[in-house]
């Protein structure tokens, strides 16, 4: 009986390696990352990682704002509760933004593109480290660590919640100490919301760029929700052309961070002297100073805002209220009462209550305290408003009135007994 090998040969099947063609190395893809996005290889002890580097003149404008922060960072340092950054050289700051395989975070989320920028003398240097394959992650993390070696502070936009935790998770997952665990951090998202929430309904970085920095992204940009899908498609096909928009998106994010820090430093350090500063932004900076306990500066800013003719009426009276409480904290009751009387004339209950409290507790004038309490009750009764607000104020004011009436009655009794 013929063997299996003989039977296969009879059917024309070749057995063994003879006559097989010599294997050829795979041809490089025409649309690989190096061909689509010219860059270089960063060599590390853990392998090589591809990165794209861009250098900008440090005096470049992003929209209408210079990229290099020139104003002191003292107020921003106080707000961020990181006083050490006020004394750092600009070259010690790292501006970071990442693109990831998902938005949920956790050990399964990769940062496949990390953009990191820092100033070097008259240049802003941006390096974008790209994960061509998940197996290259140790090399990418090592390269990032080497690039950030001179830096002692991080600037991000929502980085405290997203970027930095993901970066640290990737280090931990690979068995390394987290890179940015103890690094001073300025998350500009929260400061931007504090400054611009009065006039912007949203404070995404794109909204800030268009409405505050005066810049618009090109059509090359891709929306954030597409980024992960474009990377997965690249891993499947090896075609890097769709990633041009992802790299552009990341590049603009990092450059905008530097410009935004520059602009915020300008307006919070010299708010009353900043040209063309919107009146609503001026009020918000006043709130920032009040929050930091800088009452003298807060009062100066509020007063400057109240002198603006373009301040909306609703915000005008809110600002007057905030200023009155600054005066109260400073012990300047005369200035506070002047604002309370004006506000009471506009139907603000809080002002009547403050006048009543002043006369009751400071002056022991229970009659005038009662007069102001009754004015507040009349405003609540006459003006339309929510039932909940009316109930809250009504109960508190009626309680105050009852207490004052008892005090007046006791005074009259004491007077008659003499």
> Tell me, what is the percent relative contact order of the range 33-269, built from C-alpha pairs under 8 Å that lie six or more residues apart?
Replying inline: 29
> Just one of [x] 1.51; [y] 1.23; [z] 1.54 is Rg/Rh (Cα atoms, Kirkwood Rh) calculated from these coordinates, so which is it?
Replying inline: [y]
> Say we join alpha carbon atoms closer than 10 Å with springs in a Gaussian network model of the chain; which of 114, 67, 172 then has the biggest fluctuation?
Replying inline: 172
> Quick one: Cα convex hull volume of the range 274-330, Å³ per residue?
Replying inline: 67
>> Run the helix sum for the chain: -39,500 (n - 2.57) per DSSP H stretch of 4+ residues, divided by residue count, reported at 222 nm to the nearest 500 deg cm²/dmol.
In response: -15000 deg cm²/dmol
> Contour minus end-to-end for residue 330 and residue 55, with contour as 0.36 nm per residue of separation and end-to-end as the Cα-Cα distance?
Replying inline: 94.1 nm
>> Limiting things to C-alpha atoms, what are the Rg and the maximum Cα-Cα separation (Dmax) for the range 102-245, in angstroms?
In response: 16.4, 47
>> Could you list 235, 148, 131 so that the one with the fewest beta carbons within 10 Å of its beta carbon is first and the one with the most is last?
In response: 235, 148, 131
> the range 258-337 to the range 74-107: how many Å between their Cα centroids?
Replying inline: 26
> How high is the relative contact order of the chain, given as a whole-number percent (alpha carbon pairs under 8 Å, six or more residues apart)?
Replying inline: 14
>> Between residue 318 and residue 390, what is 0.36 nm times their sequence separation minus the Cα-Cα distance? Round to one decimal in nm.
In response: 24.0 nm
>> I want to check the label-to-label distance for residue 103 and residue 81. Put each point 7 Å from Cα in the C-beta direction and report it in nm to one decimal.
In response: 2.7
> For the Cα atoms of the chain, what angle does the longest principal axis make with the long axis of helix 313-330, in degrees from 0 to 90, nearest 10?
Replying inline: 70
>> On C-alpha positions alone, give me the angle between the axis of helix 387-417 and the longest principal axis of the chain, in degrees, nearest 10.
In response: 30
> In the chain, what % of DSSP beta bridges are antiparallel (nearest 5)?
Replying inline: 80
> So for 337, 355, fewest C-beta neighbours within 10 Å to most, what's the order?
Replying inline: 337, 355
> How far, in degrees from 0 to 90, does helix 295-306 lean away from the longest principal axis of the Cα atoms of the chain, to the nearest 10?
Replying inline: 90
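The numbers here are math on the coordinates, done by the rules we state, and not lab data. Not measured: the values here are computed from a predicted model. In this analysis, Cβ positions are derived from the backbone assuming ideal geometry, glycine residues included, and neighbour counts consider all displayed protein chains.
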